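Asks: Pasting a structure below so you can have a look.
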Amino acid sequence: MTALVRARDLTRLFPAGDAMFAAVDHVTFELAPGEFTAIMGPSGSGKSTFMNLIGCLDRATSGTYVLDGTDVATLDSDELAALRRHKLGFVFQQYNLLPRTSALENVELPMMYAAVPPAQRRTRARQALLDVGLDEAHHRSNPNELSGGQQQRVAIARALVNEPHLILADEPTGALDSKTSEDIMRLFLRLNADRKMTILMVTHELDVARYSNRIVTFRDGRIVADEPVPHAAAAAIS
């Protein structure tokens with residue numbers, strides 16, 4: 001099977017005084033379609049910088065990154081924006097919802113950028129919200145009228161609505177209590193199992209990482225471990 005994500009010797013350097021600091025240091029990594037992979041590591045280990053590279057929010061200093069057959073280094077800024085719009089969905093710790101905009105309108109936003117016709121936008125947004133467990137009573141609510149878990153469901157619906165090839169989730173349970181975190185992770189499990197969504201997730205919580213099929217650990221800008229989650233653990237969670 002062709003890898004959806006293929007990184008080879010990926011390096012990202014930043015200035016540090018008179019020298020350069022490698023936040024990501026010659027990382028080689030592949031992600032197959034349908035995988036659910038968690039990235040872990042201590043603060044400063046390079047995991048967030050790596051996710052920014054995979055999400056085409058930053059460019060590597062050296063190395064190669066091919067996303068779904070496209071060499072990202074060959075793209076200009078407009079082409080990168082189009083790639084993010086059509087192939088990537090983002091879920092953040094703080095939800096990043098527009099505060100004075102309804103749940104439905106928040107989910108419609110990516111489709112506006114993709115020039116989807118208004119009637120189709122509304123239909124797809126409604127269905128995406130239903131798919132993540134938010135009934136129509138919540139569709140007109142603004143974010144401040146929703147719980148943290150409901151806001152994250154809106155954010156997940158927004159990430160899914162353009163049918164991306166890859167979901168990138170950065171600490172998706174970091175602002176949630178343990179019960180709500182469980183609910184959100186079970187939603188990710190269902191999306192991965194039923195819709196074959198490919199998910200790459202950063203988390204500092206091992207209990208959250210164990211919902212995935214594979215845990216990749218970063219330290220000092222490098223991958224130091226890449227291990228499958230035991231089937232027994234996955235079965236116990238699901």
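Every read-out reported here was derived from the displayed coordinates using simple, explicitly stated rules and does not represent laboratory data. Everything numeric here is computed off the predicted structure, so don't read it as measured data. With ideal geometry, Cβ positions are generated from the backbone for all residues, glycine too; neighbour counts draw on all protein chains shown.
Asks: Would you kindly calculate the translational diffusion coefficient of segment 5-237, applying Stokes-Einstein with the Kirkwood radius from alpha carbon pairs, for 20 °C and a viscosity of 1.002 mPa s, and quote it in µm² s⁻¹ without decimals?
Replies: Value of D from the Cα-based Kirkwood radius: 117 µm²/s.
Asks: So, one more: Sort the following peptides by mean Cβ neighbour count (other Cβ atoms within 10 Å, averaged over residues), highest first: 180-187, 115-122, 25-32.
Replies: In descending order of packing, they fall as 180-187, 25-32, 115-122.
Asks: Regarding segment 16-125, what's the average projected area of the Cα-atom convex hull, expressed in nm²?
Replies: 9.8 nm²
Asks: Using label points projected 7 Å from each Cα along Cα→Cβ, tell me how many nm separate residue 16 and residue 57, to one decimal.
Replies: 2.2 nm
Asks: Taking 30 Å as R0, compute the FRET efficiency from the Cβ-Cβ separation of residue 9 and residue 207 and round it to 0.05.
Replies: Efficiency at R0 = 30 Å is approximately 0.40.
Asks: So, by mean Cβ neighbours within 10 angstrom, what's the order for 9-17, 217-225 with the highest one leading?
Replies: On the way: 9-17: 13.8, 217-225: 16.8.
Going by the mean number of other Cβ atoms within 10 Å, highest first, we get 217-225, 9-17.
Asks: Any number yet on Rg/Rh for segment 22-75, C-alpha, Kirkwood? If you can, show how the numbers build up before the last one.
Replies: Details: Rg = 11.5 Å, Rh = 12.2 Å.
Radius of gyration over Kirkwood radius for segment 22-75 works out to 0.94.
Asks: Here's something else I'd like to know. Just how many % of Cα pairs in segment 116-158 lie over 14 Å apart, if you round to the nearest whole percent?
Replies: Result for the distance tail: 44 percent.
Asks: Another question, if that's okay. Between residue 186 and residue 112, what FRET efficiency follows from the Cβ-Cβ distance if R0 is 25 Å, with the result rounded to 0.05?
Replies: Plugging the Cβ-Cβ distance into 1/(1 + (r/R0)^6) gives 0.25.
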